[in-house]
Amino acid sequence: TASGTINADADGRPRFMVVDTAGSGALGEIYVQNSQLEAGLVATDYIESGSTTGKAGILEDSPRFDYLDVTCPHLLMEPTRLNYFAHSEYLAGTFGTINSTFTANADKSPEGVNNATSVLESTANAAHGLQKIDIDIEDGVFYSYSFFVKAKGRTKFLVQHSEETTMNTSVTVDLSGTPSVTEGRPAATGSQSIVDYGNGWYRVEINGKEGLADDADSNLNIFFHNGSGTSYTGDATKGFLFYGFQLEKKHFCTSYIPNHGTSDGVTRLYDNTDSLDFGDYMDGDDVTLFVDLAKNPELIRDGGAGEIRLSSSNKTAGSIKLYRSGNTNLRTVVYFADVELDNNPTSHIISDGTSPNIAIRRVKSTGEFTVFYDGAQQYQAFN
């Protein structure tokens, strides 16, 4: 009879050891197949790596798709962002308790594995919840918070910075009936939203900007609410499930970036797709390009660098570009560059809406370029 143990060598590498437990002195053999070492609170499905390092989640070398509330998934095309919370799933690594108890791996998260944390009240007659102490906030910079939550006996809580002058936000989240998020401070500098992820899970998204003359630290409090207030005699069976906390700069939330203990934050690089050669079509045929901008939020993006571009030999000259302007409130711009040079472009704003459907038609024989927005002609040019 032998038992197997897993230890680490001096360099921290895992090793298997077969130990004789019957006293015979003879050790057997073990066969290891589909071994996997990954960051996170639980083991996930096997990821075949072959001769290279296996990758999962945000490390996959492909752009992300949005599957929420759509019949056909679409590209997110997100900018580079950094999650500043060192532990996005292990709450005890980032948050402290407020008359409550954390239980890791208590239930299935939106990821589909048991890595959600249960936060239940104590029986104290006081406030209950969780708290992040001393978040380093830069003056005049927008920050965005996001996290997933599911009711577990309670349905209402408050997300609040302790000092209005540091980060002016105090949002009430109500998961009863039609879930909602409501800002309670009239002078709040940001916005808030809630997204249904199914099976009782919601993602709360909150952003705001500091108003102090100097940088300051601020506490982030999440206070449970029993319907009458945030201070009451608690019930040890009631609370919430949480998963996927994220703190990022800029004034809109991006998709979840897991962080399993990196104190300086984890960076997700911007989305990019491979080029598709339309040379044979553009050289001698009429062409119609249709783009469905499924999500074009009211919030101004980080800048106009991200774009959809048709060009000659991957150059700016002779290109047609669809992009989101980072200036004032300009939304969607079509950019026609000179065929030979890029010194006399024509930019035309075709939309200030949030989800435009854009079609661009080129007629080879006449050199006509026509732009349609939601079925109506908006612009026409000849070159």
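Worth pointing out:
- Contacts under 7 angstrom Cβ, first residue in the stretch 356-368 being more than 14 Å from TYR379 (Cα to Cα), partner of a type in the set (Ser, Thr, Tyr) and not in a loop (DSSP other than H, G, I, E, B), 6 or more apart: PRO356/THR332; PRO356/TYR373
- The one condition from (1) in a loop (DSSP other than H, G, I, E, B); (2) touching a helix residue (DSSP H, G or I) at 6+ places or on another chain (Cβ under 9 Å) that PRO110 does not meet is (2).
- Pairs, first at pLDDT below 95 in the stretch 115-141, second among the aromatic types (Phe, Trp, Tyr) and open to solvent by less than 40 Å² (accessible area, probe 1.4 Å), C-beta under 6 Å, six or more apart: LYS132/PHE95
- Count - residues of the stretch 250-301 that are open to solvent by less than 60 Å² (accessible area, probe 1.4 Å), modelled with pLDDT of 80 or more and not in a loop (DSSP other than H, G, I, E, B): 2
- Residue within the stretch 90-107 that is in a strand (DSSP E or B), charged (D, E, K, R) and open to solvent by 20 Å² or more (accessible area, probe 1.4 Å) present: yes
- Verdict on GLN192 being of a type outside the set (Lys, Arg), outside any loop (DSSP other than H, G, I, E, B) and closer than 28 Å to THR233 by Cα: no
- Looking only at the stretch 142-161, and only at residues there that are within 23 Å of the chain's Cα centre (by Cα) and hydroxyl-bearing (Ser, Thr, Tyr), the one that is modelled with the highest pLDDT: SER146
- Residue list for the stretch 108-122, filter: under 19 Å from PHE157 (Cα atoms) and open to solvent by 60 Å² or more (accessible area, probe 1.4 Å): none
- Positions within the stretch 150-160 being more than 17 Å from TYR84 (Cβ to Cβ) and either open to solvent by less than 30 Å² (accessible area, probe 1.4 Å) or touching a residue at least 60 places away in the same chain (Cβ under 8 Å) (or both), in sequence order: LYS150, ALA151, LYS152, GLY153, ARG154, LYS156, PHE157, LEU158, GLN160
- The residue of the stretch 139-149 that is farthest from GLY200 (Cα to Cα), among those that are open to solvent by less than 40 Å² (accessible area, probe 1.4 Å) and in a strand (DSSP E or B), is TYR143.
- Pairing residues of the stretch 171-200 that are closer than 22 Å to PRO110 by Cα and open to solvent by less than 40 Å² (accessible area, probe 1.4 Å) with residues that are among the small types (Gly, Ala, Ser) and modelled with pLDDT under 95, at Cβ distances under 7 Å and at least 6 apart in sequence or on separate chains, gives VAL181/SER193.
The values are calculated or read from the model by the stated rules, or taken from the named source; none is laboratory data. Quantities reported herein were computed from a predicted structural model and do not represent experimental measurements. With ideal geometry, Cβ positions are generated from the backbone for all residues, glycine too; neighbour counts draw on all protein chains shown. Keep in mind that these areas ignore ligands, DNA and RNA; they rest on the heavy atoms of the full protein, side chains included. Shrake-Rupley method; radii C 1.70, N 1.55, O 1.52, S 1.80 Å.
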